[in-house]
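Throughout, read-outs are computed from the coordinates displayed, never taken from laboratory work. Bear in mind the structure is a predicted one, so any value in this text is a computation, not a measurement. Neighbour counts are summed over all protein chains in view; Cβ atoms, including those assigned to glycine, are modelled from backbone coordinates with ideal geometry.
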Amino acid sequence: MTKINTAWDHVSQNLFKTWVIMFFFSIFAVAVIYAISMGFGRGEIGGLGLTGMALIMAGVMNFVSYFWSDKIVLGISGAKLIEKKDNPEIYRLVENLCIAAGLPLPKIYIINDTATNAFATGRDPKHAAIAFTSGILQKLNKQELEGVVAHELSHVGNRDTLLMSVVSVLVGTIALLSDFFMRSMLFGGRNRESKGNTVMLVVAIAAAILAPIVATLIQLAVSRRRELLADASGVLLTRYPEGLASALLKISADKEPLEVANRGTAHLYICNPLKGQEAKAWLAGLFNTHPPIEVRVKALREMEGLT
Amino acid sequence: MITYIIIGIVVLLAFWLLATYNGLVTLRNRVREAWSQIDVQLKRRSSLIPNLVEAVKGYVKHEKGVLEEVTKARTSLMDAKNPHDAAAADNMLTGALKSLFAVAENYPQLRASENFKALQDELSDTETKVAASRQFYNTNVLDLNNSLETVPSAWIGQMFSFKKEEFFKASEEEKADIKVNF
């Protein structure tokens, strides 16, 4: 295989890997649902009704968070909508990069916090919102900010809110189904008296315990993949990888956590806003929403030969 | 049995042909839309020029030639009908504006004028916007040209005589300009 070195290569590689992960995730979801359904029915598929129920519950919950994603997150983070006259510099910067990306202009918000961070959300490009902390606007220079804005706009252009919602529905379905199953084991289901396949039962119990964890890990792997993808597609917009690389280094060097972020919204930000909680070890690294800064900077510096 | 297989293959082929053809049409329309976006920005840029000339005229007495250059470039930009001419005219305007702003450096009163500063800001922002829309246009041209050069979509392209589009390039002049400046 040839060496991967341009932003184009990084984009196609990350897109490909997303679909590989999604492919195996679908197979995994079907296998888990099958195993647990068999467990309910003791050898015959008996839990499919419950699977439907879990799917609908997870679907409704996630549809709410998908459809009103911008309002919910912006409300939680206390972001304020700005107009051109409030901050012409950042407004123009977003405007110009939107033209280059061919995206409609998103609503621009500022979070009054000295921590350095930014995020983008919204169910589609027409309902997109992009938010900056006042700290990031002060501490980064124009080229670094351009890198950050391009990264955020790439999330919008790549429809990451939609993808992550689909993933959340799958994870939620598996979690709910496992929960139903474990409860029915504890409190006794209607199938208790029927004698069935013990092997199937053991498999189902194992699946119910392990599947939610595995599903969450896959969800985080997708999230990390999309971050790398947004980095690379952002570079295609600015044609200046060093801008984003230097911004990421500055953001990670700043140890101040962002108070308004929490575990639920952390994956949206450009860097993990919950500072000091990023784990370095490989095993713990599986639980991170973002790839380590060193990995991202290294990938960006590989794209250096682009222009 | 064999007839069914043949019918199946023919139907699949027809669907593939339709999808590829529609894909190419979409790409071509995107290029056109991207071009109209450049046009919007170029119009915006040329509409700022008369104000600029008006603001500068009173101060710049000895360098009338610079102003004439700017006006001439603006006229040819307004008259440009295709990407190639527009690119050339736009590059000419960029060069003319550069010399105008260089001349303006010699007039402290002009530099201090709020109106002039605002116009200068607006023009440099428009220049960035022209560059951005140019980039978006080129991305779309790349997509279209890629499809027209890679098989199998290239075959469909030939069949329905789709044409490759031209990139919106910086002129040789502009590239040379940058070297001289350093």
Exercise for the section: Taking every pair of Cα atoms in segment A:110-259, average 1/r, invert it to obtain the Kirkwood radius, and report Rg/Rh to two decimals. Expected result: 1.19
Exercise for the section: Determine the sum of side-chain charges near A:L74: Lys and Arg each +1, Asp and Glu each -1, restricted to other residues whose C-beta is under 11 angstrom from that of A:L74. Expected result: +2
Problem - Value of [θ]222 nm, deg cm²/dmol, for the protein assembly as shown, DSSP H segments ≥ 4, -39500 (n - 2.57) each, nearest 500 - result: -24500 deg cm²/dmol
Exercise for the section: Taking chain B as the reference, fit the longest principal axis to its C-alpha atoms, fit the long axis of helix B:2-57 to the helix C-alpha atoms, and give the angle between the two in degrees, 0 to 90, nearest 10. Expected result: 10 degrees
Practice task
At most 16 other Cβ atoms within 10 Å plus a DSSP loop assignment makes a site exposed; report the longest stretch of chain A without any exposed chymotrypsin sites (Phe, Trp or Tyr not before Pro).
Solution key: A:69-286
Problem - R0 of 25 Å, Cβ-Cβ distance B:F160-B:N82: FRET efficiency to nearest 0.05 - result: 0.70
Completion exercise
Proxy exposure order for A:I174, B:I2 (fewest C-beta within 10 Å first) is B:I2, A:I174
Exercise for the section: Rank the residues A:T265, A:T216, A:T133, A:T161 as a footprinting-exposure proxy: fewest other Cβ atoms within 10 Å of their Cβ go first. Expected result: A:T216, A:T265, A:T161, A:T133
Problem - Average beta carbon contacts from partner chains per residue of A:99-106, 10 Å cutoff - result: 5
Exercise for the section: Within segment B:1-61, list the trypsin sites (Lys or Arg not before Pro) lying in a DSSP loop whose Cβ has at most 13 other Cβ atoms in a 10 Å radius. Expected result: B:K61
Fill in the blank from the handout: Inter-chain shielding metric for B:129-136, i.e. average beta-carbon neighbours from other chains within 10 angstrom, reads 5
Handout entry: Listed pairs A:K85/B:K57; A:K126/B:K129; B:K117/B:K164 exceeding 31 Å between Cα atoms
Key = B:K117/B:K164
Exercise for the section: Of the DSSP beta bridges with both residues in the protein assembly as shown, give the percent that are antiparallel, rounding to the nearest 5. Expected result: 60 percent
Practice task
Please list the non-local residues whose amide H lies under 5 Å from the amide H of A:I111, H modeled 1.01 Å from N, same-chain partners needing a gap of 5 or more.
Solution key: A:K80, A:F132, A:T133, A:S134
Practice task
Give the distance, in whole Å, between the Cα centre of segment B:8-62 and the Cα centre of segment A:65-112.
Solution key: 25 Å
Handout entry: Semi-axis lengths, Å, segment B:29-181, gyration tensor of Cα atoms, sqrt of 5 times eigenvalues
Key = 37, 14, 13
Practice task
Evaluate E = 1/(1 + (r/R0)^6) for B:F167 and B:N51, where r is the Cβ-Cβ distance and R0 equals 35 Å; express this FRET efficiency to the nearest 0.05.
Solution key: 0.65
Fill in the blank from the handout: For the pair A:W68 and A:M53, the simple spin-label estimate (label points 7 Å beyond Cα toward Cβ) gives in nm 2.6 nm
Problem - For A:N158, residues with placed amide H under 5 Å, excluding near neighbours - result: none
Handout entry: Exceeding the 19 Å Cα-Cα cut-off - candidates A:K80/A:K142; A:K84/A:K250; A:K139/A:K250
Key = A:K80/A:K142; A:K84/A:K250
Practice task
Exposed loop GluC sites (Glu not before Pro) only (DSSP loop, at most 11 other Cβ atoms within 10 Å): please give the longest stretch of chain A free of them, not including the sites.
Solution key: A:194-307
Practice task
Could you pull out every one of the aspartates and glutamates with an alpha carbon less than 17 Å from that of A:K298, ignoring same-chain neighbours closer than 8 positions?
Solution key: A:D9, A:E144, A:E227, A:D231, A:E242
Completion exercise
note: chain A, Cα-Cα separations exceeding 28 Å make up a percent value of 44 percent
Handout entry: Choice from A:L105, A:L74, A:L249 with maximal GNM fluctuation in chain A (Cα, 10 Å cutoff)
Key = A:L249
